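Readers should treat all values here as calculations from the given coordinates under stated rules, not as data from a laboratory. Predicted model only: the values in this text are computed from it and were never measured. As a convention, Cβ positions derive from the backbone with ideal geometry for all residues, glycine included, and neighbour counts pool all protein chains shown.
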Amino acid sequence: MSTELKMFQPSTTQGDACTYMWACAICEENETCQKDKEGHSRWLVAKRMERIDYKILVMSNKGGVGKSTVSTNLAVSLALKGYEVGICDMDIHGPNIPKMVGAEGQRLKISTGGGIIPHQAYNMKIASMSFLLQNSDDPIIWRDAYKFEFINQLLGGVEWQDLNFLIVDLPPGTGNESVTTIDLIGEVTGCVIISTPQEVALLDARKSVTFARDSELPIIGIVENMSGLDCPHCHQHIEVFRLGGGEASAHDMGVPFLGRIPLDPEVVRQSDYGEPYALFHSDLPTADAYHDIANKVDDFCKKKGSLVQIATKSPFKKK
Ligand code: ADP
């Protein structure tokens with residue numbers, strides 16, 4: 001196993017004593033602390049999360065529907081609006097965010113305080129399993145204890161600092177990674193559910209809605225991705241995966257519909273080049289779709305933020 005991956009192995013305990021020395025170094029109670037290892041790591045995650053205004057989960061029960069692409073372009077759109085944005089790539093087995101922002105092969109460094117410094121790309125902070133792989137072809141074969149530790153460190157070990165938005169790109173499904181992430185973040189601002197318009201994808205999207213409800217996550221809405229293609233050759237409109245299913249599902253399940261993103265070959269090309277579409281083609285219709293979704297996410301958070309502000313009277317940082 002590579003040196004970098006060792007960083008994410010479960011730390012050992014000596015009796016009940018914690019070995020998160022770097023966490024202890026920034027804790028005001030380090031002299032009187034009685035926490036065990038899990039208590040320490042949860043404390044650190046809570047400490048990081050309280051400096052982030054909005055924690056947004058991007059999820060779907062199905063793989064390949066565009067979660068990472070939407071996460072990246074949603075983050076870029078929010079950054080273009082002047083927000084401080086981070087992307088936490090929680091897909092341990094298929095971490096694609098670094099590729100989509102042109103950061104493949106980069107490594108994360110450790111700060112003098114012992115935390116992990118996130119990678120900076122396009123004015124966003126990014127952390128991903130991909131930065132820890134010696135070789136991008138290496139598979140991750142971990143049991144749940146390792147995954148728990150990794151998720152803990154991605155949320156608590158990474159020095160996210162002050163952010164307006166942390167976009168968390170979840171892996172497909174409602175398994176261990178999703179449940180652990182939600183449990184550790186605690187107060188998730190809301191989730192965005194991605195679907196493609198055909199029935200098999202919608203079946204899975206509806207499971208995500210039920211999962212979010214069961215987990216008491218606020219649902220910001222459903223995005224219908226890969227929704228119709230304007231053929232660049234014959235100029236016909238082709239409904240490759242059908243059209244309108246995401247909107248109909250949102251309606252059926254009583255959740256907001258956030259919009260359609262067309263199936264656009266340029267999105268694939270730009271993602272593969274590591275140049276987020278919403279930034280490099282900011283004035284084209286597909287980018288408008290991403291910006292529109294970002295505006296709706298922003299509005300949702302502002303409304304929620306103002307409720308928190310009234311409840312706690314805490315000064316709201318930005319916008
Ligand atoms: P997931 O994270 O759900 O597994 P990805 O975001 O990795 O899915 O997307 C899978 C593939 O689909 C990628 O090659 C991506 O470029 C492509 N893709 C995503 N959204 C679109 C779109 N609107 N139009 C065309 N291709 C897309």
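If you take all other residues with their beta carbon under 15 Å from the beta carbon of Pro265, and give Lys and Arg +1 and Asp and Glu -1, the sum is -4. With neighbours defined as other Cβ atoms within 10 Å of a residue's Cβ, the residues Arg213, Arg107 order from fewest to most as Arg107, Arg213.
If you average 1/r over all unlike Cα pairs in region 56-210 and invert the result, what Kirkwood radius do you get in angstrom?
Over region 56-210, the inverse of the mean reciprocal pair distance is 15.8 Å.
Using 0.36 nm per residue and subtracting the Cα-Cα separation, the extra length available between Glu216 and Ala145 on full extension is 23.1 nm. Residues Leu163, Leu284 in ascending order of nearby Cβ atoms (within 10 Å, fewest first): Leu284, Leu163. Here the simple spin-label model places points 7 Å from the Cα toward Cβ, and for Lys81 and Asp283 these points are separated by 2.2 nm. The order of Cys88, Cys234, going from fewest to most other C-beta atoms within 10 Å of their C-beta, is Cys234, Cys88.
When the listed pairs Lys207/Lys304; Lys109/Lys296; Lys47/Lys125; Lys147/Lys296; Lys55/Lys99; Lys99/Lys304 are checked against a 27 Å cut-off, the alpha-carbon distance exceeds it for Lys109/Lys296; Lys147/Lys296; Lys99/Lys304. In this rough spin-label picture, where each label sits 7 Å from Cα along the Cβ direction, the Ser136-Asp299 distance is 3.8 nm.
The mean sequence separation of alpha-carbon pairs under 8 Å and at least six residues apart, normalised by the residue count of region 45-149, gives a relative contact order of 24 percent.
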